[in-house]
Amino acid sequence: MEFRFTEEQENFRKEVRAFLDAEIKAGSFKPHCDAWMTQYSPEFSRKLGQRKWLGMTWPKEYGGQERSTLDRLILTEELLRYGAPTCGHWFSDRQIGPSLIHYGSDEQRQEFLPGILRGETSFTIGMSEPEAGSDLASLKTKAREDGDYYVIDGQKIWSSGAHYAQYMYAVVRTDPDAPKHKGISEFIIDLKLPGITVNTIEDITGDRHFNEVFFDSVRVHKKYMIGKKNMGWYQITPQLDFERSGIERVMSNYPLFDGLINYVKETKRNGKPLSEDPLIRQKLAELKVEFEVGRLMIYKVAWMQSKNRVPNVEPAMAKAYCAEFQQRLCRAAMEILGPQSQLMSDSKRAVLRGMAAASLLFSPGYTLQGGTTEILRGIVAGRGLGLTGK
């Protein structure tokens, strides 16, 4: 296999890095772990839109550039490498736009796609519920018809960015009597509608980036149903495969990895460079190899998509592997930095210590968000290896 990028792709990567270097130098942002979920900057999202770096793979008829999935992957990889504030447009660009292109009406595309391309229209995802996480089809939020409207009642949880997003992409039950996978529909919901309450949830790090959202007789016009009624589950599953296999699954905490390597290069302990410690060298080498393996798994999925193949098992494999790698990285960082690192007076090292601690606290979420590892391994076993339970 040929693992090289084309000259155009290498030049594009250099262009993205030059832009990000300039943004950091100008003080637009500071590198941050999990920035695609936690760092909101509408100004930064608009800058990407002005450069036509949103909707890159979309058809030109919808305002896209018709660039390859590998081009988009190069962009997102560099954004994550730098820890740039991308959550203002992440979900809109990653999955809402493509969903509307494939299943939405012309009216929906005209209303929402231009704003997504400009980095001005933000979405949150309304899938999980208190009793419907891994088993999403058990969701209970319901919508009943009332003339030209659907009236929605229920609750969503873990909706990242719902406290600043303009809209929610929500899956709800439209046929309570149908088998659970066959009575679900998708809607676009304006979060300013009467009857919607958004409560932020503080995570273990003290951050507030996800939310619980309550719907109390919220009236949503029928024109905001995406695709066919009761066919939502079958429209969702390709989207979930794409969500699972993004480069964020291996690079969410890359700024920590990069900072840790530089720390080892620059630091002495007991008069000896840490870079000469055989145990630390071995641990960093292991992490680097594991990182590159995960990166290649994700690039493979993007390559399959570029060939118009629909991967299913491969995204599950990539997400399960990469999530566990990120957890190992967090633990290794704390082991190398040690408990005394929090007492360092040097601001650069203090930031690294804080990044490591926050990532470690957040790390259980890596194997939960976007599909639990248990569910993903079940997909690999059943669909990939042909194993079935009795």
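The values are calculated or read from the model by the stated rules, or taken from the named source; none is laboratory data. This is a predicted model, so every value here is computed, not measured. Here Cβ is always computed from backbone atoms with ideal geometry, including for glycine, and neighbour counts include all displayed protein chains. The protein model used for the area step is the full one, side chains on, heavy atoms only, and it has no ligands, DNA or RNA in it. Shrake-Rupley method; radii C 1.70, N 1.55, O 1.52, S 1.80 Å.
Taken together, the residues in the stretch 267-278 that are assigned to a helix (DSSP H, G or I) and touching a helix residue (DSSP H, G or I) at 6+ places or on another chain (Cβ under 9 Å) amount to 2. For the stretch 91-104, filtering for residues that are within 15 Å of the chain's Cα centre (by Cα) and open to solvent by 10 Å² or more (accessible area, probe 1.4 Å) leaves 3.
Restricting attention to the stretch 246-301, the residues that are open to solvent by 10 Å² or more (accessible area, probe 1.4 Å) and of a type in the set (A, V, I, L, M) total 9. Of the helices (runs of 4 or more DSSP H) lying entirely inside the stretch 1-64, the ones with 3 or more residues being surrounded by fewer than 17 Cβ atoms within 10 Å (Cβ to Cβ) and of a type in the set (D, E, K, R) are found at 7-25, 42-50. I'd like to check something: does the stretch 217-224 contain any residue that is under 29 Å from Thr373 (Cα atoms) and of a type in the set (D, E, K, R)? Within the stretch 217-224 (the criterion being under 29 Å from Thr373 (Cα atoms) and of a type in the set (D, E, K, R)), the answer is no, since none of the residues qualifies. Annotation note: of Val301, Val293, Val351, the sole residue that is at pLDDT 95 or above and part of a helix (DSSP H, G or I) is Val293.
Among Glu120, Glu129, which is in contact (Cβ under 8 Å) with a residue 24 or more places away in the chain, farther than 19 Å from Lys222 by Cα, open to solvent by 50 Å² or more (accessible area, probe 1.4 Å) and under 21 Å from the mean Cα position of the chain (by Cα)? Steps first, answer last, please.
Values: Glu129 fails: open to solvent by 50 Å² or more (accessible area, probe 1.4 Å).
After ruling out the rest, the residue left standing is Glu120.
Applying the set (1) at positive phi; (2) at pLDDT 95 or above; (3) within 17 Å of the chain's Cα centre (by Cα) to Gly63 leaves exactly one unmet item: (3).
Criterion applied to Arg109, Arg51 was being out of contact with any Leu (no Cβ under 6 Å at 6 or more places or on another chain) and of a type in the set (Lys, Arg), and the one residue passing it is Arg51.
Of all residues in the stretch 132-143, which are open to solvent by 30 Å² or more (accessible area, probe 1.4 Å) and more than 22 Å from His209 (Cα to Cα)?
Passing the criteria: Asp135, Ser138, Lys140, Lys142.
Assess whether Asp203 counts as being in contact (Cβ under 8 Å) with a residue 24 or more places away in the chain, in contact with an Asp or Glu (Cβ under 7 Å, 6 or more places away or on another chain) and among the charged types (D, E, K, R). The answer is no for Asp203.
If I filter the stretch 302-337 down to residues being over 20 Å from Gly365 (Cβ atoms) and of a type in the set (S, T, N, Q), which single residue comes out as surrounded by the most Cβ atoms within 10 Å (Cβ to Cβ)? Give the steps one after another, and end with the answer.
Filtering the stretch 302-337 down to residues over 20 Å from Gly365 (Cβ atoms) leaves 302-314, 335-337.
Right, trim to of a type in the set (S, T, N, Q) and you get 305-306, 308, 312.
Numbers: Gln305: 22, Ser306: 15, Asn308: 6, Asn312: 18.
Once the filter is applied, the top-ranked residue is Gln305.
Every residue, every condition in (1) more than 23 Å from the chain's Cα centre (by Cα); (2) at pLDDT below 95; (3) under 27 Å from Thr373 (Cβ atoms); (4) in a loop (DSSP other than H, G, I, E, B), yes or no:
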residue: Ile152; (1), (2), (3), (4): yes, no, no, no
residue: Lys156; (1), (2), (3), (4): no, no, yes, no
residue: Pro176; (1), (2), (3), (4): yes, yes, no, yes
residue: Lys182; (1), (2), (3), (4): yes, yes, no, yes
residue: Asn199; (1), (2), (3), (4): no, no, no, no
residue: Glu212; (1), (2), (3), (4): no, no, yes, no
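Kindly provide the set of residues from the stretch 187-213 that are among the acidic types (Asp, Glu) and under 29 Å from Pro364 (Cα atoms), ordered by number. So that I can check it myself, show each step before the final result.
Taking the stretch 187-213 as the starting set, the residues that turn out to be among the acidic types (Asp, Glu) are 190, 202-203, 207, 212.
Those that are among the acidic types (Asp, Glu) and under 29 Å from Pro364 (Cα atoms): Glu202, Asp203, Asp207, Glu212.
Being surrounded by fewer than 17 Cβ atoms within 10 Å (Cβ to Cβ) and either at pLDDT below 90 or outside any helix (DSSP H, G or I) (or both) is true of Gln340. Residues in the stretch 219-233: is at least one hydroxyl-bearing (Ser, Thr, Tyr) and out of contact with any strand residue (DSSP E or B) (no Cβ under 7 Å at 6 or more places or on another chain)? No, because not a single residue in the stretch 219-233 is hydroxyl-bearing (Ser, Thr, Tyr) and out of contact with any strand residue (DSSP E or B) (no Cβ under 7 Å at 6 or more places or on another chain). The residues on offer are Gly64, Gly83, and the sole one that is in contact (Cβ under 8 Å) with a residue 40 or more places away in the chain and either charged (D, E, K, R) or in contact with a His (Cβ under 9 Å, 6 or more places away or on another chain) (or both) is Gly83.
State yes or no: is Tyr164 touching a strand residue (DSSP E or B) at 6+ places or on another chain (Cβ under 9 Å), touching a residue at least 60 places away in the same chain (Cβ under 8 Å), open to solvent by 10 Å² or more (accessible area, probe 1.4 Å) and under 25 Å from Arg309 (Cβ atoms)? Walk me through it before giving the result.
Working: touching a strand residue (DSSP E or B) at 6+ places or on another chain (Cβ under 9 Å): yes; touching a residue at least 60 places away in the same chain (Cβ under 8 Å): yes; open to solvent by 10 Å² or more (accessible area, probe 1.4 Å): yes; under 25 Å from Arg309 (Cβ atoms): no.
So Tyr164 fails the test.
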